[in-house]
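Asker: The structure's right below; bear with me while I get my questions together.
The values are calculated or read from the model by the stated rules, or taken from the named source; none is laboratory data. Predicted model, so just to flag it, every value in this text is computed and none were measured. Every residue, glycine as well, gets a Cβ built from its backbone with ideal geometry; the counts of neighbours run over all protein chains shown. What goes into the accessible areas is simple: the full protein's heavy atoms, side chains included, and nothing from ligands, DNA or RNA. Shrake-Rupley method; radii C 1.70, N 1.55, O 1.52, S 1.80 Å.
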Amino acid sequence: MIKIFAQSLIQIGANLQINWVLVNACLQFIAWGLFSLLIAEILRDAYHALCHQVNWLGKLHNKHHMAYRRDLSVVSLKIYQESQLYHDILESSLLVVACALIALIVRQPGLWLGVAYSCTFLYGACVRYFQGKIDTDYNHLPGPLETIPSTWLVNRSYHWRHHFDDVNAYYSGVFPLVDKILGTALSVKGKTVALTGASGALGQALTTELVKCNAKVVALTTNPEKLAEQTGVKVIPWQLGNEAELKESLEKIDILIINHGVNVYTDRTPDAINSSYEVNTFSALRLIDIFLATVTGPQAKATKEIWVNTSEAEVSPALSPLYELSKRALGDIVTLKRLDGNCIIRKLILGPFKSQLNPYGVMSAQQVARVVLFLAKRDLRDIIVTINPLTYVLFPLKETSTWLYYRVFSRRGKGE
């Protein structure tokens, strides 16, 4: 019986012939189809960006911005429907025409998938205009913002920032690809940014770059005498262990950058152990908890952020065991806290740069600061700046596996 069954299978296999022409055609259709979706998204978001740069387009697009209150509720149904006509319907119609022209010129069947995709935007805009329905307008649904801005998909919190944080940023509608390319996925313009370790090499370099980006900087430092008076910078002295005294100041902060640290190098005395963990780990965690307590209000999740300098020591040797241990502990707890989604928490994974902590660094603090801001504006949540190529491989593996482990084996406290 088994022999007969095996022979039958062999016979069936022999009779089966793969039509490679059909397989190749299907693969081409899928590839061109995905490419057409990418083109549609780029064209749609590029048009949106142009609306904020070209005056006559801006006059039409401004009707869209006039339609919403700060909680994304509509000002009036009439104004809302006008916004659909002058922006959404116009934008979607142009997108359909552009995608159809590309499909006709290139003559690849898969490109018509982009046309169909564009038609869904036009259909939704028409329904909203003619029937006044807002339930298909997903990024503009009214109410408090309950989640932090998403990384790879535009959600309500992400798009809210375009309306009420910086209208010249956050242009993307579905995938934030164009924002990541243009560097408009995060705007620090007008934001109040506080940073610890402000008197250090990186702290001063970050301050300079942030001021260039029109941010208002609050320098939190234990050495205020080392900082010269600077326009756009407010200096607030503080002492290690007295982080709670900063609570009132942190309530007014949009972005907190935790950048202070200590390096005891080869020392392993009890005092060195206590100092390393107190400065590098526990002080940073106290500041994080104090700041997270200020993330209140219906729109706070969209605007509040924490950036933590955990350093390359999370995954690479720093030739300083206690520095590595204390920074790894900080990095792991930050990964744990990210699971709660209270606000965006970015990690700064920085390689060796010249500073008081590391006079042998091969990078300059100014270079590091510029790259940190460059990548932050592209909404990277893990900002790696180093000359060590292994870090770019090892850190994502470490962070992903740690995040997954904590996700499975930890739970939020009751009532949170």
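Asker: All but one of (1) closer than 17 Å to residue 284 by Cβ; (2) out of contact with any helix residue (DSSP H, G or I) (no Cβ under 7 Å at 6 or more places or on another chain); (3) of a type outside the set (Gly, Ala, Ser) hold for residue 193; state the number of the condition that does not hold.
Answerer: (2)
Asker: Still on this model: Mind checking which residues of segment 356-397 are open to solvent by less than 70 Å² (accessible area, probe 1.4 Å), assigned to a helix (DSSP H, G or I) and of a type outside the set (Ser, Thr, Tyr)?
Answerer: 365, 368, 369, 371, 372, 373, 375, 376, 395, 396
The rows are residues; the columns are (1) in contact with a strand residue (DSSP E or B) (Cβ under 9 Å, 6 or more places away or on another chain); (2) assigned to a helix (DSSP H, G or I); (3) within 23 Å of residue 186 (Cβ to Cβ).
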site	(1), (2), (3)
113	no, yes, no
119	no, yes, no
139	no, yes, yes
144	no, no, yes
150	no, no, yes
158	no, yes, yes
169	no, no, yes
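Asker: Among the residues in segment 30-46, are any open to solvent by 30 Å² or more (accessible area, probe 1.4 Å), β-branched (Val, Ile, Thr) and without any contact (Cβ under 8 Å) to a residue 40 or more places away in the chain?
Answerer: First, pick out the residues of segment 30-46 that are open to solvent by 30 Å² or more (accessible area, probe 1.4 Å): 30-32, 34-35, 37-39, 42-44, 46.
Cutting the leftovers down to β-branched (Val, Ile, Thr) gives us 30, 39, 42.
With without any contact (Cβ under 8 Å) to a residue 40 or more places away in the chain added as a condition, the list becomes none.
No - not one qualifying residue is present in segment 30-46.
Asker: From the set of residues in segment 283-311 that are among the basic types (Lys, Arg) and assigned to a helix (DSSP H, G or I), which is farthest from residue 155 (Cα to Cα)? Steps first, please.
Answerer: Within segment 283-311, the first condition is being among the basic types (Lys, Arg), and the residues that meet it are 286, 301, 304.
Going one step further and asking which of them are assigned to a helix (DSSP H, G or I), we end up with 286, 301.
Details: 286: 30, 301: 12 Å.
Out of the qualifying residues, it is 286.
Asker: Another question, then. Let me confirm something: among 257, 253, 333, which residue is under 21 Å from the mean Cα position of the chain (by Cα), assigned to a loop (DSSP other than H, G, I, E, B), under 20 Å from residue 195 (Cα atoms) and at pLDDT 95 or above? So that I can check it myself, show each step before the final result.
Answerer: Working: 257 fails: assigned to a loop (DSSP other than H, G, I, E, B); 333 fails: assigned to a loop (DSSP other than H, G, I, E, B).
When all the criteria are applied, what remains is 253.
Asker: Answer yes or no: is there a residue in segment 219-234 that is open to solvent by less than 10 Å² (accessible area, probe 1.4 Å), more than 24 Å from residue 329 (Cα to Cα) and out of contact with any Cys (no Cβ under 7 Å at 6 or more places or on another chain). First the steps, then the outcome.
Answerer: Taking segment 219-234 and keeping what is open to solvent by less than 10 Å² (accessible area, probe 1.4 Å), we get 219-221.
Narrowing the set further to residues that are more than 24 Å from residue 329 (Cα to Cα) leaves 219.
Restricting the remaining residues to those that are out of contact with any Cys (no Cβ under 7 Å at 6 or more places or on another chain) gives 219.
Yes: segment 219-234 contains one or more residues that are open to solvent by less than 10 Å² (accessible area, probe 1.4 Å), more than 24 Å from residue 329 (Cα to Cα) and out of contact with any Cys (no Cβ under 7 Å at 6 or more places or on another chain).
Asker: Now a separate question. So, in segment 402-416, exactly how many residues are exposed (fewer than 11 other Cβ atoms within 10 Å of the Cβ) and not aliphatic (A, V, I, L, M)?
Answerer: 8
Asker: Using beta carbons and a limit of 8 Å, which pairs, at least six apart or on different chains, have the first residue in segment 313-335 and without any contact (Cβ under 8 Å) to a residue 24 or more places away in the chain and over 13 Å from residue 282 (Cα atoms) and the second one of a type in the set (A, V, I, L, M, F, W, C) and buried (at least 19 other Cβ atoms within 10 Å of the Cβ)?
Answerer: Going by the 8 Å Cβ cut-off, the qualifying pairs are 324/313; 324/318.
Asker: Pairs needed: first member in segment 126-142, open to solvent by less than 70 Å² (accessible area, probe 1.4 Å); second member anywhere, basic (Lys, Arg) and modelled with pLDDT of 90 or more; C-beta distance under 7 Å; at least 6 residues apart or different chains.
Answerer: Taking only residues 6 or more apart or on different chains, the pairs are 134/128; 136/128; 137/128; 139/156; 141/156.
Asker: If the requirement is being in contact (Cβ under 8 Å) with a residue 24 or more places away in the chain, open to solvent by less than 70 Å² (accessible area, probe 1.4 Å) and not in a helix (DSSP H, G or I), which of these qualifies: 71, 88? So that I can check it myself, show each step before the final result.
Answerer: Working: 88 fails: not in a helix (DSSP H, G or I).
When all the criteria are applied, what remains is 71.
Asker: Could I ask something else about it? Look through segment 92-122, keep the residues that are of a type outside the set (Val, Ile, Thr), open to solvent by 80 Å² or more (accessible area, probe 1.4 Å) and modelled with pLDDT of 95 or more, and return whichever of them is nearest to the chain's Cα centre (by Cα).
Answerer: Within segment 92-122, the match that is nearest to the chain's Cα centre (by Cα) is 94.
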